[in-house]
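Input: a single structure, listed below in structure tokens.
The values are calculated or read from the model by the stated rules, or taken from the named source; none is laboratory data. Note that the structure is a prediction, hence the values are computed from the model and not measured. Virtual Cβ from ideal backbone geometry, glycine too; neighbours counted across all protein chains shown. All accessible areas refer to the heavy atoms of the entire protein, side chains included, with ligands and DNA or RNA removed. Shrake-Rupley method; radii C 1.70, N 1.55, O 1.52, S 1.80 Å.
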Amino acid sequence: SGFNSIGHMDTMSRGRHQIGHHKEGEEFIQNVFHVLSQIFTGKEKSNLAICWLQYEISKVIQCLQAKKKKKLKAQGRKSKKLAKNFLKAADNRNNLSLWKLYAYLEWLLGNTDDSRKVFDTALSTAGTGGLRSAQLCSLSLLYAQLEVELLDTTEGAVTSRAVHILTKLTENGPYVPYSGQVLPVNVLKARKTYEHALQDYLSRTPVSDQDQVNDTDQLVNLVGCYALFQYLTVGIDAAVLIYTQASEKLELSGAQKCENSGENSGILNFPTALEAVTLLHTNLLRFHMKISVYPLNPLREALTEALKRYPSNQSLWRSYIHIQRKSHSASKARRFFDSVTRSTNSLEPWLFAIQAEQMRKKLTEKVQRADVGEIHCTIPETGLTNRIVALFEHAIQSENGAHCPLLWRMYLNFMV
């Protein structure tokens, strides 16, 4: 193909084949992990195990997206073996982050029941920290999110497994696996507990920087759990209200910190907390639109606001492109891309602007070639082609763009 890609370059396609994980690149990465795992000890070794497992999960997701069943099976076997080996190590037995990744891996591979067993085991052995334990909150949130994705409608969701998980989290007692029902009185108690916990976190002033890091992580998980709980037991508006409250409070704290310190250094983790809350908010809106009738505007507004603030967040851009594909008018999106690229140095807005136009080009060509097979249309769509070339030209003139191999490769690929 003229070049070797280390790891993978999933944005490029060669004919019908996506360029996946290249053999030499893959060997290189595995060697790095093996060498490091012999050098590290204790906490560093656990963190490395988490990174390694996340990398394995990214490969599983790639196989799922490319719909390669054979490759998925082989990859799944390898990744599961690795995860089990990690969890056998004495240091990792109580590491909830690793248990969480292993359960997620099983879920991705379609082994829902096995995944539930792993989640239940992890929650049962995790102790009774409840809402005070960041890892327990994070584990429960992922479990509940995955369960919610199985729902076709939110009717009757009050007695679902997701509500059971989120209710048990507030009880501070040992976790009991789902038995098929959730008592209304427990739901009411849980709502009160969530409400008080959130008020406590929002009114707390952290003592040290480390406290602040832990608090912001914990706040994101707490907001996620509470909003999902409200979504399932009350409805979408109640969930959105919680995200709005949390975002306003975080913005306020960030602004105050700026004034007090006179510089930005003190609030390095506030933007990340705010970004994470925004991501949870937009993902919930997207899910709700998938399973019921809901206007597009709240999601579009939330995304445009968030992207002005975090122009390099790829997940937000993906969501934005996804909803723009549904709209027949491209001008609004083009104006938005234009305003963001003017106000930031990050490359993501350029890359996604190009991707959006390429998708539009693909769509127009598909429509023009309908019912006649692979005969190229007599009137070529030059407008979009020229626009894409212009976007490439502008992007490579920026300081970051000129040094981005991916951008140059995409440009060459397009010109070919």
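Overview of results
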{"read-out": "Filter result (surrounded by 11 or more Cβ atoms within 10 Å (Cβ to Cβ) and among the charged types (D, E, K, R)) within segment 284-300", "value": "Arg286, Arg300"}
{"read-out": "Segment 187-203: number of residues that are crowded, with 17+ Cβ neighbours inside 10 Å and either among the aromatic types (Phe, Trp, Tyr) or closer than 13 Å to Lys168 by Cα (or both)", "value": "6"}
{"read-out": "Number of the exception - Pro206 against (1) open to solvent by 10 Å² or more (accessible area, probe 1.4 Å); (2) in contact with an Asp or Glu (Cβ under 6 Å, 6 or more places away or on another chain); (3) at pLDDT 90 or above", "value": "(3)"}
{"read-out": "Output for segment 147-163, where each listed residue is open to solvent by 10 Å² or more (accessible area, probe 1.4 Å), under 21 Å from Tyr102 (Cβ atoms) and assigned to a helix (DSSP H, G or I)", "value": "Glu147, Glu149, Arg161"}
{"read-out": "Members of segment 311-331 found to be open to solvent by 20 Å² or more (accessible area, probe 1.4 Å) and of a type in the set (Ser, Thr, Tyr), listed by number", "value": "Ser312, Ser315, Ser327, Ser329, Ser331"}
{"read-out": "Residue check for Ser140: touching a Phe, Trp or Tyr at 6+ places or on another chain (Cβ under 7 Å) and open to solvent by less than 60 Å² (accessible area, probe 1.4 Å)", "value": "no"}
{"read-out": "Verdict on Thr11 being farther than 28 Å from Ser115 by Cβ, at pLDDT 85 or above and either out of contact with any Pro (no Cβ under 6 Å at 6 or more places or on another chain) or open to solvent by less than 80 Å² (accessible area, probe 1.4 Å) (or both)", "value": "no"}
{"read-out": "Near pairs, Cβ below 8 angstrom, 6+ apart or cross-chain, from segment 387-413 (over 20 Å from Arg342 (Cα atoms) and touching a residue at least 24 places away in the same chain (Cβ under 8 Å)) to any residue that is assigned to a helix (DSSP H, G or I) and open to solvent by less than 70 Å² (accessible area, probe 1.4 Å)", "value": "Leu406/Leu351; Met410/Leu351; Met410/Ile354; Met410/Phe392"}
{"read-out": "Hey, Lys366 outside any loop (DSSP other than H, G, I, E, B), modelled with pLDDT under 95, within 29 Å of Arg300 (Cβ to Cβ) and open to solvent by 60 Å² or more (accessible area, probe 1.4 Å) or not", "value": "yes"}
{"read-out": "Complete set of residues in segment 164-186 that are over 20 Å from Leu285 (Cβ atoms) and surrounded by 20 or more Cβ atoms within 10 Å (Cβ to Cβ)", "value": "His164, Ile165, Thr167, Lys168, Leu169, Thr170, Tyr175, Val182"}
{"read-out": "Unmet requirement for Lys84, which otherwise passes all of (1) open to solvent by less than 20 Å² (accessible area, probe 1.4 Å); (2) modelled with pLDDT of 90 or more", "value": "(1)"}
{"read-out": "Neighbours by Cβ (under 8 Å, 6+ apart or cross-chain): first from segment 215-228, among the hydroxyl-bearing types (Ser, Thr, Tyr) and part of a helix (DSSP H, G or I); second buried (at least 23 other Cβ atoms within 10 Å of the Cβ) and at pLDDT 90 or above", "value": "Tyr226/Tyr194; Tyr226/Ile242"}
